[in-house]
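Single-structure report; data block below.
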Amino acid sequence: MQIHQTDFSTGSVQRNIVEVAVPMIAAQLLNLTYNIVDRIYIGRIAGEGTLALTGVGLCFPLITLITAFSLLYGNGGAPLCAIERGKGDEKEAQMLMGNTFAMLVLTGMVLTVLGLLFYRSVLYAFGASDVTFPYAQEYIRIYLLGTIFVMIVLGMNNFLSAQGFGNMSMLTVLIGAVLNIILDPIFIFALHQGVRGAAIATIISQGCSAVWVLRFLTGSKAQLRLTRESMRLQWQRIRKIVSLGMSGFIVAFTNGLVQVACNSTLQSFGGDLYVGVMTILNSVREIFTMPVQGLTNGASPVMSFNYGEKAYGKVKAGIRFTAIVCIVYTFAAWLVVKLFPEIFIRIFNGDAALVQASTPALHIYFFGFCFMALQFSGQSVFVALGKAKKATFFSLFRKAVIVVPLTLWLPHVGNLGVLGVYWAEPISNLIGGSACFITMLATVLPELKDSKKIARR
């Protein structure tokens, strides 16, 4: 693949966002295959597909925690790196990248050890039963061994986009995704490894992706190179990275808390079948949110760079473009799910009881999905412009303040039972998304309007 670098300082901001976002969207969709393909194959294991799928679903909170720490450093370091590039300070941008990498590796080592020591008690706390625990155990013990690979891919790939190498960012994920698709059936069925085989395929694939991204960032093609000097930790840089990345961390971490709350509540009100339903709901949601995340992640370095250059007109154009595209897409996605729910359910499992229970759940869960676009749009602007406190607040507000309490409370209201768990998501999208977007408009736009700097055409 030919290496292409987007120059954020020239051309229209819409074109620059598209050039970075399209490969990012493709990369996000490909990245989704790591877990989605696992679940598709696992759900088709003869005689035990439903239980195996439920067991793997119980691992989501732990996987989400690993993702959360990846975002803590990657989503914090990359926008800061792009802002420094916009200011012309390439040295500081490089040091931010190196410090991010060092923290990813150190944290990955700690999470691996802690996960292997405590996964049993954690899985039971997450809603595992004696029937589903063996499947969850088989998967997570292997997955944890690849923690550092996962964190390097998720955290450092952002720095390819921050330098304008959107196609290289996509290729990082493509390598792993293709390998995972090939290796999954080999390990699961041909080698008779079952759930364990899915985890083995995943960590091998992630390992290859990690090698690729590191080879690029240490090679001559990268504008900012990963060096030993840049990895020397400096407290002020780490503080800035963590402060800005905290919003992404909270989003992912609270997603894990929500999953725990959902699994525990569903286990109490419905049993293993409804824990399996939640696994499918999360999988379908991931399918439809990945393009939005790809767009906002692609727009972030463009807005960060122009904010660093003080080209505020371009920043406003980027905000407007991103918000409109996100809203239109999420409305279309909701309509598709509304009309064809069974198609997406049967991707993972065709069990009649599971399909029957999942269909009304999917209708409720995706109701008002377009309001999630407001959360993604507003959040991405706060992160891109370095507004750490606002980004963190609204991340925490939607999940911890709204979703978790509603998940625990609504099942007891009007005999809603398991349906109450599903209603918590659309309510939180409406309240949290609207609050985030309106606050962004009210606080960010006046700041940009006050600038006398005229955007370059």
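The values are calculated or read from the model by the stated rules, or taken from the named source; none is laboratory data. Source: prediction; values computed, not measured. Ideal geometry is used to build each Cβ from the backbone, glycine not excepted, and the neighbour counts take in all protein chains shown.
Below, the figures for the structure above:
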item: Selection from the range 27-48 of residues that are surrounded by fewer than 21 Cβ atoms within 10 Å (Cβ to Cβ), modelled with pLDDT of 75 or more and not in a loop (DSSP other than H, G, I, E, B); result: I40
item: Condition met for M95 (free of Cβ contacts under 8 Å to residues at least 60 places away in the same chain and of a type in the set (A, V, I, L, M, F, W, C)); result: no
item: Residue under evaluation V211, criteria (1) touching a residue at least 12 places away in the same chain (Cβ under 8 Å); (2) surrounded by fewer than 21 Cβ atoms within 10 Å (Cβ to Cβ); (3) closer than 22 Å to V153 by Cβ, criterion not met; result: (1)
item: Given (1) free of Cβ contacts under 8 Å to residues at least 60 places away in the same chain; (2) under 22 Å from I250 (Cβ atoms), index of the condition D130 fails; result: (2)
item: Failed condition for L80, given (1) more than 30 Å from T6 (Cα to Cα); (2) aliphatic (A, V, I, L, M); (3) crowded, with 17+ Cβ neighbours inside 10 Å; result: (1)
item: Residue identified as of a type in the set (S, T, Y), surrounded by fewer than 16 Cβ atoms within 10 Å (Cβ to Cβ) and free of Cβ contacts under 8 Å to residues at least 40 places away in the same chain among T227, T218; result: T218
item: Helices (runs of 4 or more DSSP H) wholly inside the range 118-206 that include at least 1 residues being among the β-branched types (V, I, T) and either modelled with pLDDT of 95 or more or within 30 Å of A261 (Cα to Cα) (or both); result: 133-145, 147-162
item: Positions within the range 87-107 being small (G, A, S) and surrounded by 22 or more Cβ atoms within 10 Å (Cβ to Cβ), in sequence order; result: A93, G98
